[in-house]
1. Using 7 Å Cα-to-Cβ label points, what is the THR153/THR176 separation (nm, one decimal)?
2. Label points 7 Å out from Cα along the Cβ direction at GLN138 and GLU82: separation in nm?
3. Given a 1.4 Å probe and the protein chains all in place, what does the accessible area of MET154 round to, in Å² to the nearest 10?
4. I want to check the label-to-label distance for ASP58 and ASN111. Put each point 7 Å from Cα in the C-beta direction and report it in nm to one decimal.
5. Can you work out the FRET efficiency for the pair ASN91 and THR119, with r the C-beta to C-beta distance and R0 = 22 Å, to the nearest 0.05?
6. What does the net charge come to around HIS56 if you take all other residues with beta carbon closer than 9 Å to its beta carbon, with K and R at +1 and D and E at -1?
7. Once the whole set of protein chains is in place, how much accessible area is left on THR54, using a 1.4 Å probe, in Å² to the nearest 10?
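The values are calculated or read from the model by the stated rules, or taken from the named source; none is laboratory data. Computed from a prediction, not measured in an experiment: that's the story for all the values here. When we count neighbours, we look across all protein chains shown, and the Cβ atoms used for this are built from the backbone with ideal geometry, even at glycine. To get the accessible areas, we keep the full protein, side chains included, count just its heavy atoms, and leave off ligands, DNA and RNA. Shrake-Rupley method; radii C 1.70, N 1.55, O 1.52, S 1.80 Å.
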Amino acid sequence: MNLKAVSIISAVISISGCATNISNMYEGPVLPNSEIAIYSPLNRANLNSPSITTTHIDNKIIKTYFPQGHPFGPYVGMLPGEKTVRITFQNYENVIPAIIAPNLINMTIKNFQGYYDITFKAVKGKFYAPIFNYNLPQDKMMSEVCIAELEQTMSLSETRHPQQYIACSKASIPPTKENIKICQEINAQTWTVKLFEEACQGLTQK
């Protein structure tokens, strides 16, 4: 099994509880979990769905909080207060066939060209994770990413149910030539669910 396949499976498996594997983005002594908010930079809806990725926290690229040699993930400890995160996602195709026959089938990755900026208030003792808006119809849920607030004893799987999110944001994509081309191709595919419809709105003539 190749490394990418292993990483995808790892991302799907929910890790209940947040007592371990936390990288702290704040300076100073390590605080108990009850005094910090815990954030999951990554999430997935299911094995075949896109991989949700946090690229920035408070306008800084996430890796700047964790210099080379600093342990990272899968969770981030942060001080309570207002936080702004930038979210994007990658769509994996041929995942299951690539896992079954890694030497015969290659998995392909398509990166979403846009992002979702979400501001929320992190509260100590809580667990946060980005997730597509499950309160919307299935063909629209990817038009928004939301932040789910959970107890620290809960797992990522709990984010995959309709619920009251603490913050949501619609997708934004810069009007570059490449993005316009992507949207035109998506809008021309009448046979597929137009998950990017709202993200592409205004970039192309329908």
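1. Label-label distance for THR153 and THR176, simple model: 4.6 nm.
2. That separation, rounded to one decimal, is 3.9 nm.
3. Surface accessible to solvent at MET154 totals approximately 60 Å².
4. 2.6 nm
5. Result of the calculation: an efficiency of 0.30.
6. Overall, the nearby charge balance is 0.
7. 10 Å²
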